[in-house]
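Reviewing the structure listed below.
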Amino acid sequence: MVKKINVKCQAGSSKVPVDVYVGEPSPNSSSPIYFQSLWLAKERGVNIPKEFSDSLSKMQALSEKNRVALSELCQYIFDELNSVSRLNTEITESNKKIDLAKKKEEGKFLDDKND
C-alpha cells in the first residue's frame, strides 16, 4: 500500500504543498523518499524539509524493527496526530466557554453588589 502525504516544502523563498508518496522502501535504504527528494530538487527546485525526511527514516527503522508496513505505521501515526489535534481543539473551545461563563458570573456578581 502507498500512503500519500502532503508536505510543505521550500521552493525558492516560498513554501509550497507537495504530495509525497510513501510505500515500502527497499530494506536499509537511507530514506523512504530519497529518489522523490532528488527528483523534486532537480526537476522542480523543491526541497523537502530535512526534519520530515529524518522523521520518515526513523519511522522506517521502527517499521522494520516491528515488522510493520511503513505505510501502515504512517497511517497510524497521522491518525493519532489528527486525534490529538481534534482533542486540543475541543479543549480550547471548552476553555473558552468556561472563561465566558466565569466572566458572565463575575459580571452578575458585580451587578448584585451594586444593588
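What follows is calculated from the coordinates using simple rules that are stated; it is not laboratory data. What you see is a predicted model, and the numbers here were worked out from it, not measured in a lab. So basically every Cβ, Gly included, is an ideal-geometry build from the backbone, and we count neighbours across all protein chains shown.
A few comments on the model shown:
- Taking all Cα pairs closer than 8 Å and separated by 6 or more residues, the relative contact order of the chain comes to 20 percent.
- FRET efficiency, 1/(1 + (r/R0)^6) with R0 30 Å, evaluated for Ser14 and Ala61 via beta carbons: 0.40
- A cut-off under 15 angstrom between Cβ atoms defines the neighbours of Glu51, and their net charge, with Lys, Arg +1 and Asp, Glu -1, is +3.
- Pairs from Lys3/Lys97; Lys15/Lys103; Lys15/Lys96; Lys3/Lys50; Lys50/Lys97; Lys3/Lys42 whose Cα-Cα separation, in the structure shown, is over 30 Å: Lys3/Lys97; Lys15/Lys103; Lys15/Lys96; Lys50/Lys97
- Coarse-grained scattering of the chain at q = 0.13, 0.23, 0.24 Å⁻¹, given as base-10 log I(q)/I(0) from a Debye sum over alpha-carbon atoms: -0.63, -1.23, -1.28
- In degrees, nearest ten, helix 70-114 long axis to first principal axis of the chain (Cα): 10
- Axis of helix 50-66 versus longest Cα principal axis of the chain: the two differ by about 80°, to the nearest ten degrees.
- Simple spin-label estimate for Thr92 and Val2 gives 3.4 nm between the two label positions (7 Å along the Cα-to-Cβ direction from each Cα).
- Label-point gap, in nm, between Ala41 and Lys102 - each point 7 angstrom along Cα→Cβ: 5.0
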